[in-house]
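The values are calculated or read from the model by the stated rules, or taken from the named source; none is laboratory data. Owing to the predicted nature of the structure, the values given are computational and were not obtained by experimental measurement. A quick note on method: Cβ atoms are made from the backbone with ideal geometry, for glycine too, and the neighbour counts reach across all protein chains shown. With ligands, DNA and RNA removed, areas are computed over all heavy atoms of the protein, side chains included. Shrake-Rupley method; radii C 1.70, N 1.55, O 1.52, S 1.80 Å.
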Amino acid sequence: LRQVRSFREVRVWSPNSAAAFAREHGVIAAPSAEACVRGADVIVVATTSAKPVLHGAWVSDGAHVNSVGAALPDWRELDDDFVHRARIFVDSRAGAFAESGDVRAVNRVDAEIGEVVLGTHPGRTSAKEVTWFKSLGMAVEDVVTARLVLDAASRTAEKR
């Protein structure tokens, strides 16, 4: 995220390793999940949790949430308040409905990210709107990323 945005403050929380992660990456270890996300403009949730760790009451108007964990149909990392409040963007509708307990709980997707990129869906429509991107990953994304890395490595090798 730091490659595409500047952040004044970055906070991290984990029940296991927040302090070590914070030291390694020069960020702030928050004492709780709530303290980590209150007032944040951008929130990343990456868990293997079967129960919600992010509560909608903690999320400010206008915030954006990326969630990349809880990738089984009966797992949740976001509570009902949040999933009903947010505009939902996914990498794949089919994948989200099949694999995401959070998406299945609300039974709604507003758009695939590709629709936003192509301009066929407007994405965020107001400054106060809470947006959520649920990424489950897609094999084609992995293949394209691998190709970009391979091409960059080849160019570097050619310059030597």
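The table below lists the values:
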{"read-out": "Hits in segment 70-95 - residues which are of a type in the set (Phe, Trp, Tyr), more than 15 Å from the chain's Cα centre (by Cα) and in a helix (DSSP H, G or I)", "value": "none"}
{"read-out": "Failed item, numbered, when LYS134 is tested on (1) among the basic types (Lys, Arg); (2) under 27 Å from PHE7 (Cα atoms); (3) open to solvent by 30 Å² or more (accessible area, probe 1.4 Å)", "value": "(3)"}
{"read-out": "Qualifying residue in segment 17-28 (condition: free of Cβ contacts under 8 Å to residues at least 60 places away in the same chain, within 17 Å of ASN66 (Cα to Cα) and open to solvent by less than 60 Å² (accessible area, probe 1.4 Å))", "value": "no"}
{"read-out": "Output for segment 137-153, where each listed residue is of a type outside the set (A, V, I, L, M) and either surrounded by 11 or more Cβ atoms within 10 Å (Cβ to Cβ) or at pLDDT 90 or above (or both)", "value": "GLY137, GLU141"}
{"read-out": "Filter result for the condition that a residue is touching a residue at least 40 places away in the same chain (Cβ under 8 Å) and aliphatic (A, V, I, L, M), over LEU136, LEU118, LEU148", "value": "LEU136"}
{"read-out": "Residue among ARG38, ARG87 that is basic (Lys, Arg), open to solvent by 20 Å² or more (accessible area, probe 1.4 Å), closer than 26 Å to ALA127 by Cα and free of Cβ contacts under 8 Å to residues at least 24 places away in the same chain", "value": "ARG38"}
{"read-out": "Filtered residues of segment 96-111 (kept if in contact with a strand residue (DSSP E or B) (Cβ under 6 Å, 6 or more places away or on another chain), acidic (Asp, Glu) and assigned to a helix (DSSP H, G or I))", "value": "ASP102"}
{"read-out": "Selection from segment 41-82 of residues that are closer than 20 Å to VAL27 by Cα, loosely packed, with under 15 Cβ neighbours inside 10 Å and of a type in the set (Gly, Ala, Ser)", "value": "ALA46"}
{"read-out": "Within segment 104-120, tally of residues that are surrounded by 15 or more Cβ atoms within 10 Å (Cβ to Cβ) and not acidic (Asp, Glu)", "value": "7"}
{"read-out": "Odd one out for ARG11, checked against (1) on the phi < 0 side of the Ramachandran plot; (2) open to solvent by less than 60 Å² (accessible area, probe 1.4 Å)", "value": "(2)"}
{"read-out": "Segment 10-51, subset of a type in the set (Lys, Arg) and touching a helix residue (DSSP H, G or I) at 6+ places or on another chain (Cβ under 9 Å), residue nearest to ASP74 (Cα to Cα)", "value": "ARG38"}
{"read-out": "Selection status of VAL65, of a type in the set (Val, Ile, Thr) and assigned to a helix (DSSP H, G or I)", "value": "no"}
